[in-house]
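Report on the following structure.
What follows draws every value from the coordinates through simple rules; no lab data is involved. Since the structure is predicted, the reported quantities are computational estimates derived from the model, not experimental observations. Positions of Cβ are generated from backbone atoms using ideal geometry, with glycine treated the same way; all protein chains shown enter the neighbour counts.
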Amino acid sequence: MGLDTHIDDVVNYIQAYDLTEVVLVGHSYAGQVITGVADQLPERLARRVYLDAFIGDGRPAIELLPEQVAHHYRESVQDSGFGWLIPPRPLEKLGVTEERDLNWLTPRLTPHPWKTYTDPLTLLGSADRVQLTYVECTDWMRVFRPFREQAEEAGWEVREIATGHEAMVTAPDELAEVLHDLAEQTRA
């Protein structure tokens, strides 16, 4: 299972249900996925929202990480991921600190296929036809800050949420408000 598998799953879903005016939200690694989907189906998408995510430019995700983080990923894949899985990251490093959030999320964590991080993102050049927004989560290590800066330099709409990387767990109301606002903007 690689990056193309994830892209194909989303593309096939959109096509199977004949969806149009779709707003895709990609969190973290899934920024690569929504870039790939937008490149294949720009006419069906209304907006891409990068939630503390990679902005896909063709390089594998592992090359988009800061070297220290990439080194840790490579080590953990070899040491405890059987050479093909990325073990779950410590939630505290991702900004999840509330005991009830940790208790809810910890049993739901699963490893992530390593191949998704090592596959390059094949692009045809159509993704840029889809409206873009970047949402950065600012209360943690800010690994994705360079992508926010890239988005700002490119003139994208940029928002931020003062929470850790797992905003859907640590700040669900704030995230829902941002996404609802973006959906309303898209409809207008």
If R0 = 22 Å, then Q15 and L109, at their Cβ-Cβ distance, give a FRET efficiency to the nearest 0.05 of 0.10
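Ordered by packing density, taken as the mean number of other Cβ atoms within 10 Å over each peptide's residues, highest first, how do 114-124, 58-68 rank?
Listed from highest to lowest mean packing, they are 114-124, 58-68.
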If the chain between T97 and E43 were fully extended at 0.36 nm per residue, the gain over the current Cα-Cα distance would be 15.4 nm
Applying the span-like rule to the chain (DSSP H, Cα extent along axis at least 18 Å, Kyte-Doolittle mean at least 0.0) gives 3-16
Of the stretch 1-45, those with amide N under 19 Å from the point 7 Å along the Cα→Cβ vector of E184 are 23-24
Per DSSP, the loop-located chymotrypsin sites (Phe, Trp or Tyr not before Pro) within the stretch 1-87 having at most 13 other beta carbons within 10 Å are Y17, F82, W84
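Just to check, using Stokes-Einstein with a Kirkwood Rh over alpha carbon pairs, what's the diffusion coefficient of the chain at 10 °C and 1.306 mPa s in µm²/s?
Rounded to a whole number, D works out at 93 µm²/s.
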Simple SL model, points at 7 angstrom along Cα→Cβ for T118 and E152; separation in nm is 3.5
Treating only Lys and Arg (+1) and Asp and Glu (-1) as charged, each at its beta carbon, one finds that the chain has a dipole about its Cα centre, in Debye to the nearest 20, of 360
For the stretch 71-177, listing GluC sites (Glu not before Pro) in a DSSP loop whose Cβ sees at most 15 other Cβ atoms within 10 Å gives E98
